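Chemist: Here it is: the structure, laid out below.
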Amino acid sequence: MTTNFYAPPSAIRAGRIVLPEEEARHLRTVLRGEAGDAMTVVDGDGGWYRARIDHVGPDQVVGTITEERDNVGEPDMDVTVALGILKKRSRFETFVEKAVELGARRVVPLRTERTERDSIREERLRNVMVAAMKQCRRSRLPDLAAPQSPEALLGGAEAELRLVCHAGAGAVPIRQAAAEAAPVASALALVGPEGGFSPSEVEDAAEAECVSVSLGARRLRAETAALAVLHSVVGAPPNDVDGAPGGHGQNG
Ligand code: SAH
């Protein structure tokens with residue numbers, strides 16, 4: 001089976017893996033997994049396992065670990081991407097899904113002067129993140145931070161490179177900013193909501209050592225900007241994403 005399954009670290013012990021109910025049902029009913037098949041399981045904490053399925057019950061799948069690796073599919077760089085909470089929840093969900101695929105380590109919903117909504121659907125976003133982690137074959141589930149102000153984020157975050165996306169006078173082209181800063185192990189990028197950042201928010205970010213970066217001449221939708229800056233900073237992942245020989249089939 002080329003699908004990755006998720007099991008929390010607590011479900012992996014003494015060489016054995018017990019899949020959570022929902023994952024077990026998916027394996028049995030949709031993928032028709034049987035005892036003797038091999039499966040790949042990630043624990044969301046950087047753990048990656050190949051396992052032989054020993055038992056498939058109505059709600060339970062148990063396997064024995066045959067191979068173990070660390071941080072499969074994870075970028076070297078620790079990147080946090082912060083985006084103003086969007087009015088349309090579905091757009092924020094799309095952003096979160098893609099941010100996982102592009103290698104974000106942490107996603108921060110920002111409450112800014114111009115956000116028109118101040119809450120997120122945390123559980124739903126987490127489910128989107130778990131699905132994206134499995135789909136793109138990462139082994140680490142990125143953090144989903146609580147909604148917060150740029151000020152709180154900048155006050156607490158320790159990132160070597162700090163960027164605020166803002167298409168205004170004095171903004172440095174993103175490529176230049178990324179090239180001049182390289183190499184760094186951690187980065188933080190702030191992107192405004194639909195209405196952008198206020199002038200004072202941009203000033204405050206600059207005071208908090210953020211480089212003002214431009215993503216080009218076009219005004220991008222907020223979620224597009226967030227994904228573009230993320231990819232520019234992380235760069236492309238290595239080709240051999242799951243690290244295992246063979247088994248690179250597409251995962252639906
Ligand atoms: N009406 C707003 C535009 C907001 S676009 C304004 O005129 O300021 C939403 C967010 O996406 C912006 O706050 C910025 O962070 C980011 N963004 C969009 N296009 C960008 C670009 N070309 N360069 C840098 N940031 C951009």
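The values are calculated or read from the model by the stated rules, or taken from the named source; none is laboratory data. Model, not experiment: these values are computed from the prediction. Every residue, glycine among them, receives a Cβ derived from its backbone with ideal geometry; neighbour counts consider all protein chains shown. Heads up: the accessible areas ignore ligands, DNA and RNA and are worked out on the full protein's heavy atoms, side chains in. Shrake-Rupley method; radii C 1.70, N 1.55, O 1.52, S 1.80 Å.
Chemist: Cβ-Cβ distance below 9 Å, separation of 6 or more or different chains: which pairs start in region 180-198 with a residue that is more than 15 Å from residue 92 (Cβ to Cβ) and modelled with pLDDT under 95 and end on one that is assigned to a loop (DSSP other than H, G, I, E, B) and of a type in the set (S, T, N, Q)?
Modeler: If the second residue must be assigned to a loop (DSSP other than H, G, I, E, B) and of a type in the set (S, T, N, Q), no pairs are left.
Chemist: Looking for something in a strand (DSSP E or B), in contact (Cβ under 8 Å) with a residue 12 or more places away in the chain, open to solvent by less than 30 Å² (accessible area, probe 1.4 Å) and of a type in the set (S, T, N, Q) - is there at least one such residue anywhere in region 60-68?
Modeler: No: region 60-68 contains no residue that is in a strand (DSSP E or B), in contact (Cβ under 8 Å) with a residue 12 or more places away in the chain, open to solvent by less than 30 Å² (accessible area, probe 1.4 Å) and of a type in the set (S, T, N, Q).
A quick yes/no check of all residues on (1) more than 13 Å from the ligand (Cβ to nearest atom); (2) among the aliphatic types (A, V, I, L, M); (3) open to solvent by 30 Å² or more (accessible area, probe 1.4 Å); (4) over 30 Å from residue 2 (Cβ atoms):
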residue: 167; (1), (2), (3), (4): no, yes, yes, yes
residue: 171; (1), (2), (3), (4): no, yes, no, yes
residue: 179; (1), (2), (3), (4): yes, yes, yes, yes
residue: 182; (1), (2), (3), (4): yes, yes, yes, yes
residue: 198; (1), (2), (3), (4): no, no, no, yes
residue: 214; (1), (2), (3), (4): no, no, no, yes
residue: 222; (1), (2), (3), (4): no, yes, no, yes
residue: 229; (1), (2), (3), (4): no, yes, no, yes
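Listed here are the residues, each with its yes/no results for (1) over 24 Å from residue 142 (Cβ atoms); (2) out of contact with any Leu (no Cβ under 7 Å at 6 or more places or on another chain).
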position	(1), (2)
3	no, no
7	no, no
10	no, yes
14	yes, yes
32	yes, yes
50	no, yes
62	yes, yes
68	no, yes
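Chemist: Moving on. Considering each of 169, 205 in turn, give the residue that is of a type in the set (A, V, I, L, M) and touching a Leu at 6+ places or on another chain (Cβ under 8 Å).
Modeler: Working: 169 fails: touching a Leu at 6+ places or on another chain (Cβ under 8 Å).
Answer to the selection: 205.
Chemist: Another question, if that's okay. Scan 164, 108, 130, 100 and give me the residue that is touching a strand residue (DSSP E or B) at 6+ places or on another chain (Cβ under 6 Å), part of a helix (DSSP H, G or I) and not charged (D, E, K, R).
Modeler: From the options 164, 108, 130, 100, the qualifying one is 130.
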